[in-house]
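**Student:** Structure below; questions to follow.
The values are calculated or read from the model by the stated rules, or taken from the named source; none is laboratory data. In this text, all values refer to a predicted model and were calculated from it rather than measured experimentally. Methodologically, a virtual Cβ is constructed for each residue, glycine included, from the backbone with ideal geometry; neighbour enumeration extends over all protein chains shown.
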């Protein structure tokens with residue numbers, strides 16, 4: 001009898017631990033591989049204008065195209081010196097999204113136009129993205145308060161008025 005109670009308590013503790021680990025893993029979006037901390041240079045250069053999007057949000061092909069066209073980066077000249085461009089580009093491609101979800105580059109290499117993004121945001125009306133307080137689909141931090149940390153947990157979403 002004691003062994004059964006001890007065994008049941010051990011199982012309950014293990015299940016609780018596994019659930020906690022599972023919840024912790026879902027706090028960060030799964031983009032096809034683990035999301036490493038951003039390369040400091042990437043965070044410094046790219047997060048000067050927008051969040052340092054997790055590299056796993058786009059396939060390598062998209063990162064290659066985006067980095068190759070920095071002088072015309074979505075209407076802005078985001079040019080970097082050759083060494084910085086190479087370093088960031090190499091890191092982005094090495095940590096890019098993989099698997100079936102990333103088998104095709106999204107239109108215009110935009111995260112917000114990728115099939116998985118559209119699916120994840122299908123309940124959000126286009127009017128929400130047009131609000132001045134949101135500023136567009138690319139402004140993840142407007143609704144995802146921890147986006148800059150790579151945390152896109154839907155339980156933490158707060159859509160501004």
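**Student:** Considering 13, 37, which residue is assigned to a loop (DSSP other than H, G, I, E, B) and either in the same structural domain as residue 107 (by TED's automatic domain parsing) or modelled with pLDDT under 65 (or both)?
**Tutor:** Exactly one residue qualifies, and that residue is 37.
**Student:** For region 111-135, what are the residues that are in contact with a helix residue (DSSP H, G or I) (Cβ under 8 Å, 6 or more places away or on another chain) and farther than 18 Å from residue 54 by Cβ?
**Tutor:** Residues satisfying the conditions are 133, 134, 135.
**Student:** Check region 53-70 and report whether any residue there is over 15 Å from residue 114 (Cβ atoms) and under 13 Å from the mean Cα position of the chain (by Cα).
**Tutor:** No - not one qualifying residue is present in region 53-70.
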